[in-house]
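The values are calculated or read from the model by the stated rules, or taken from the named source; none is laboratory data. Worth saying up front: this structure is predicted, and the values here are computed from it rather than measured. So basically every Cβ, Gly included, is an ideal-geometry build from the backbone, and we count neighbours across all protein chains shown.
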Amino acid sequence: MEDDELVDRIYEAGAVPDLWPRVLEELGELGGVAGTVLFAVRGEAAHWTASPGLQEMSRGYFEGGYPGRDDRTARLLAYDHPGFVTDLDVFSREEWEADPIRKEFFVPRGFGWGVATGIKVPTGDLLIFHGERRLEDGPVEREVVERLDLLRPHLARAALMSARIAFERAQGAVAALEMVGIPAAVLGPRGAAIATNGMLEALTPSVVQSRPTRLGLANPRADEMLTTALEAAEAGLHTGPVRSIPVPAGDGNAAMVAHILPIRASAREVFTGAAAVLLMTPVTLRELPDATVIQGLFDLTPAEARIARALGGGMTIGQIASSTGASAATVRNQVQAVFGKTGMHRQADLVGLLQGLVPTASAPNPPWRLPPRK
């Protein structure tokens, strides 16, 4: 009866991915382990969620870069068994007790015995359910493995449900953004497109480019900044690299700004690998925007936004210093900060970019296209 109730909760988690941590905790109780972690194998990236008792250990493991060099996972994959596997199924006892990561990471934290299974999903990812036992409790017994194996088909079906629901959520998000006129995409690790809307696809290949491994920007400098921003989003960094990327006009397209919005980690992201949302802010070549617009587009401080607008209006550093009462050195430092956040290197480039920004609502033509020449 206890397992039947757990099966019900497994399918509830399939429909509501945020419930997985609770299910992982119950799996841990069933397996006599301290907790369970669910993670997706995606190249060098790892998306995970864990039961409360294993949160701290899991965070240290994934943030410490251990998955990429852990022979435990490699042997699980090579074993390719459609069921749960213990450490002693893929290692001899001597090998496992001498394993470098076991000795360096798990044993000092009081762990050292585990049980796991891998489940493939249509995205090509491999989802791993892994339970970790306290060192003093010894290896996971065969009868526990057999009991967990009875639940594995349910875990597999529920994981597939979660993957499908998460994908549909991503599609729904970009479709909703299209309804309000915003080209958008949900991106995974390193910029792989998980979902895109029609408005973003219309920008291909002149502004946005669909590449074998990731979505890119046609402008080389903007594409470099996009890569940096995505790496920061994947690493969970919320400061530093530019998140609003200027995309210069070209080939009949007006200037645009690409915004990267990192997605907060949660259980549902295990199933899509979503790292960020890409929004393209269409602009037209008309007039200088308000300082608050500039501030919002490029994550500037109010003072930096005023400096940027003054530069866009053609003022020199000396003129800005005179009008604001600040020293030329102070203004020069603020100008450098503006350059860093907008991705520009010269005042002329910044002037050209800022003079091309205007809210799309005032544009009579499709905002991502320049008006035809008469």
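Here the stretch 324-350 is the region considered, the condition is being at pLDDT 85 or above, among the small types (Gly, Ala, Ser) and in a helix (DSSP H, G or I), and the residue that is surrounded by the most Cβ atoms within 10 Å (Cβ to Cβ) is Ala337.
Contact map, the stretch 189-209: residues that are at positive phi paired with residues that are in a loop (DSSP other than H, G, I, E, B) and polar (S, T, N, Q), Cβ distance under 7 Å, separation 6+ or inter-chain. Pairs shown: Arg190/Thr213.
On the stretch given as the stretch 95-150, residues that are aromatic (Phe, Trp, Tyr), assigned to a helix (DSSP H, G or I) and over 29 Å from the mean Cα position of the chain (by Cα) total 1. Of the residues screened, Ala308 is not one that is at pLDDT 75 or above and surrounded by fewer than 19 Cβ atoms within 10 Å (Cβ to Cβ).
To keep it simple, each residue is scored yes or no on (1) touching a strand residue (DSSP E or B) at 6+ places or on another chain (Cβ under 7 Å); (2) under 28 Å from Leu150 (Cβ atoms); (3) modelled with pLDDT under 95; (4) not hydroxyl-bearing (Ser, Thr, Tyr).
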position: Arg9; (1), (2), (3), (4): no, yes, yes, yes
position: Glu56; (1), (2), (3), (4): no, no, yes, yes
position: Tyr61; (1), (2), (3), (4): no, yes, yes, no
position: Gly68; (1), (2), (3), (4): no, no, yes, yes
position: Ala74; (1), (2), (3), (4): no, yes, yes, yes
position: Asp80; (1), (2), (3), (4): no, yes, yes, yes
position: Gly83; (1), (2), (3), (4): yes, yes, yes, yes
position: Glu97; (1), (2), (3), (4): no, no, yes, yes
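For the residues Gly191, Gly131, Gly181, Gly172, the requirement of being buried (at least 22 other Cβ atoms within 10 Å of the Cβ) and over 25 Å from Gly53 (Cβ atoms) singles out Gly191.
Conditions tested, residue by residue: (1) aliphatic (A, V, I, L, M); (2) over 15 Å from the mean Cα position of the chain (by Cα); (3) modelled with pLDDT of 85 or more.
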residue: Glu168; (1), (2), (3): no, yes, no
residue: Val174; (1), (2), (3): yes, yes, no
residue: Ala185; (1), (2), (3): yes, no, yes
residue: Ala192; (1), (2), (3): yes, no, no
residue: Ala195; (1), (2), (3): yes, no, no
residue: Gly198; (1), (2), (3): no, yes, yes
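Before we move on, is Thr292 modelled with pLDDT under 80 and under 28 Å from Ala170 (Cα atoms)? No. Gln171 satisfies every condition listed in (1) in a helix (DSSP H, G or I); (2) in the same structural domain as Phe84 (by TED's automatic domain parsing); (3) under 29 Å from Asp8 (Cα atoms) except (2).
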